[in-house]
Structures are given as structure tokens and as C-alpha cells.
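The values are calculated or read from the model by the stated rules, or taken from the named source; none is laboratory data. This structure is a prediction, so every number in the text was calculated from the model and none was measured. Reconstructed Cβ throughout: ideal geometry from the backbone, glycine too, with neighbour counts over all protein chains shown.
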Amino acid sequence: MDQFYQQLINGIVLGGIYALIAVGYTMVYGIIQLINFAHGEIFMLGAYFAFTLVNFTPIPFWVAIFVSMLFCAGVGMLMDYVAYRPLRNAPRLSALITAIGVSIGLQNLARILWGAKPQTFTDDTLPTIFQQISPMKEPKVFFSIFGVTFTDAAIQFSENVSLAYLDLTIIVLAIILMVSLNRLVSLTKIGKAMRACAQNRIAANLMGVRTNQVIAITFAIGSALGAVAGVMVGVRDNIGPTMGLHKGVAAFAAAVLGGIGNITGAMVGGLLMGLAEVFGAGYIDPMIATICHTIGLGEFYDSEKISHSYGSGYRIAISYIVMIIVILIRPTGLFGKASAHRA
């Protein structure tokens, strides 16, 4: 059971990251029916910009996250103004091709500016609770309560189940930002304008809503949330020009799963996608091993090593499989609603 609980924690953390990215996809699609395939590169730029700030300026890490959000919000608005606004009335295929071109362009721009070599946040640029603790060093215990031990490395629920402070921060940030976004869309004037544009952009424009401004703000909000996810992933893993590719595809699959265009659906879809990916990667490999040994292919499995790092090789495939299944069974997603369009 320890493995199950640890995988559950890892899935929630990954799901929080996917939810933050998926919201950017679903907000833009809900208003202008555009799949912004360059959104994954906004995620990547957020990580790179924060990395540059903490390494080459005296700006502390937490301030760097906020500045990175502002930077990516500006990039999102500029992307809309330069690449998408001129194509508002063009066929959707034109905007889709443009989005793919912007994605490739931003990837190569990152290679020019930061190089192709993966970058990492060093311990001296991170808060103490995010720094790596040497496995040879005994963790320092702060206190224990109800069987849960708080150390300088993580929150320890049992010998084999723990929650790193970085992962806890990701979960807390995801919850705060998702709730704030939900309140923004539900209770504020700009949120009402977003909902009006999503329902009928032409009618909203006729009623005095400045649709271009609303769309620009939508790009800004989605890009800022993507920046937070990018920084958190950059701290957990490495930063590279293509880091937004897999995470972007998985987040898009999460948006499709929840119902593209539905913000609540993107949040739930992100969580479900994170759980599916983590549990799939954790249990697919043992399942294949069991099947091979059952049907007499155990020696072949052990010698050829069909698995890929205990299921990690299947992680990317899971996103595509989930997306295909949803499209086949329920094209509108879990929270989406079917709509009719007149010719």
C-alpha cells in the first residue's frame, strides 16, 4: 500500500502542474476556438526567465516567480497581437498552422538564447526547503504529530511515503491559483466579459464588450499560470527548449478530457491526467512482467528488457491514449456540452 499512496501523492502533484497549463489551453479555446499549440512554449519560457533572474540578478526566488508570471503574461499578449489577432476572421486552419509555427519559433529562440543543454536551478538560488538533501545525511527531525514526521527534507507519513516541500508548494499554489481563477471568472467584471465572449463573441462585441482586450487578458492570465507551472517543473527537473512539448501535449489531453473550453473541466482533467500518467508508469511495467512470465516469456523479458525504466517510457503514450479514448467515447469531455452549429 505504501507504493500506492506514494504514487497517489506524485499523481496529485503532477495533476496540479497539468491543471495550471491546461487552463491556458481551455480559456483561449473557449473564447476564440483556437488550440494555442504555442502555450507549452510559454510554460518553457517561464522556467527559463525565472532561472535567468535568480542566477544573474539579486532577485530572490519567490519574486522571480512573480516577475516570470508578468513576463509570460506580456509574451502571451504579444503573441495574440502579432500572430493571432490578424487571423481573427480567417479560417481556423490558418490560425492552427500559425500556432504550430509560433511554437517551433519559440523553441528555437530558446536554443539561441540559452543553448540546447539542459539547465538546472542550483541549491544556492533556491529556498532552503527546496534544496536537495544528501541521501547520506540523516534528515533533521523538527517535530512529529499524529504519526506524521516533519523533517528538513520532507513530510514523512511512513517509512516509504513522503511529500517533499517542493511538491507541497506545487499543490498549494495550484489550489490557490485555481480557486482565484474560478472567483475571477465568476465574480468580476472581466470574468463576465470572458463568459460573454465565450458564449457569443460577435454578440458581446455588439453589446459594447471590447473583445480584443478581453482576448488579450485571457492570453495573459493563461500564460501567467503556465509560467508558475514552468518554474515548478524547472525546479523539480531540468529546463530545456523542448520541456513544454510533452507537458503541453499532456495538458492539452487534460483539457480535452475535462471538456475543452470549460475551466472547471481543465482543472479536473489535469488532476485525472496526472494520476493516470503516474499510476500507468508505476504499474504498467510490473503488469507486463507478470504477463510475460505467465505465458512463458519470462527469460525473453528479462534478457531483452521490454520495459523502459519501470514504465517511464510509457508516460508520453498515456496522454495520447487518454485523448484518443475521450474523443472516441465522449468528444465533448467530462464537463463539455454538445452544441449545434448552423451551416
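Hey, any hits in the range 221-237 for a residue that's without any contact (Cβ under 8 Å) to a residue 40 or more places away in the chain, among the small types (Gly, Ala, Ser) and in a helix (DSSP H, G or I)? Full working, then the answer.
First pass over the range 221-237, keeping only residues without any contact (Cβ under 8 Å) to a residue 40 or more places away in the chain: 237.
Checking which are among the small types (Gly, Ala, Ser) leaves us with none.
Checked the range 221-237: no residue is without any contact (Cβ under 8 Å) to a residue 40 or more places away in the chain, among the small types (Gly, Ala, Ser) and in a helix (DSSP H, G or I).
Given the conditions (1) out of contact with any strand residue (DSSP E or B) (no Cβ under 6 Å at 6 or more places or on another chain); (2) loosely packed, with under 13 Cβ neighbours inside 10 Å; (3) without any contact (Cβ under 8 Å) to a residue 60 or more places away in the chain, which single one is not true for residue 116?
Only one criterion is unmet by residue 116, namely (3).
Which one of the conditions (1) surrounded by 17 or more Cβ atoms within 10 Å (Cβ to Cβ); (2) of a type in the set (Gly, Ala, Ser); (3) farther than 24 Å from residue 5 by Cα does residue 180 fail to meet, given that it meets all the rest?
(1)
Using the structure shown, decide if residue 196 is at pLDDT 85 or above, part of a helix (DSSP H, G or I) and touching an Asp or Glu at 6+ places or on another chain (Cβ under 9 Å). Steps first, answer last, please.
Numbers: at pLDDT 85 or above: yes; part of a helix (DSSP H, G or I): yes; touching an Asp or Glu at 6+ places or on another chain (Cβ under 9 Å): no.
No; evaluated as a whole, the condition is false for this residue.
Output the qualifying pairs, or none if there are none: Cβ atoms under 9 angstrom, residues six or more apart or on different chains, first residue in the range 252-280 and in contact (Cβ under 8 Å) with a residue 60 or more places away in the chain and crowded, with 24+ Cβ neighbours inside 10 Å, second residue part of a helix (DSSP H, G or I) and charged (D, E, K, R).
Listed pairs, sorted by first residue: 277/315.
What is the number of the single condition among (1) modelled with pLDDT under 95; (2) of a type outside the set (Lys, Arg); (3) closer than 23 Å to residue 237 by Cα that residue 26 does not meet?
It is condition (3) that residue 26 fails.
Select from the range 14-30 the residues that are of a type in the set (Phe, Trp, Tyr) and more than 10 Å from residue 262 (Cβ to Cβ) and write down the one among them that is nearest to the chain's Cα centre (by Cα).
18
For the list (1) touching a strand residue (DSSP E or B) at 6+ places or on another chain (Cβ under 9 Å); (2) modelled with pLDDT of 90 or more, I need the number of the one condition that residue 130 fails.
Evaluating residue 130 over (1) touching a strand residue (DSSP E or B) at 6+ places or on another chain (Cβ under 9 Å); (2) modelled with pLDDT of 90 or more leaves (2) as the failure.
Identify, by number, the condition in (1) out of contact with any strand residue (DSSP E or B) (no Cβ under 9 Å at 6 or more places or on another chain); (2) of a type outside the set (A, V, I, L, M, F, W, C); (3) surrounded by fewer than 24 Cβ atoms within 10 Å (Cβ to Cβ) that residue 226 doesn't meet.
(3) is the only condition that residue 226 fails.
Is it the case that residue 206 is hydrophobic (A, V, I, L, M, F, W, C) and farther than 30 Å from residue 89 by Cβ?
So residue 206 fails the test.
Which ones in the range 1-44 are closer than 24 Å to residue 172 by Cα, aliphatic (A, V, I, L, M) and surrounded by fewer than 24 Cβ atoms within 10 Å (Cβ to Cβ)?
Hits for the range 1-44 are 8, 9, 12, 13.
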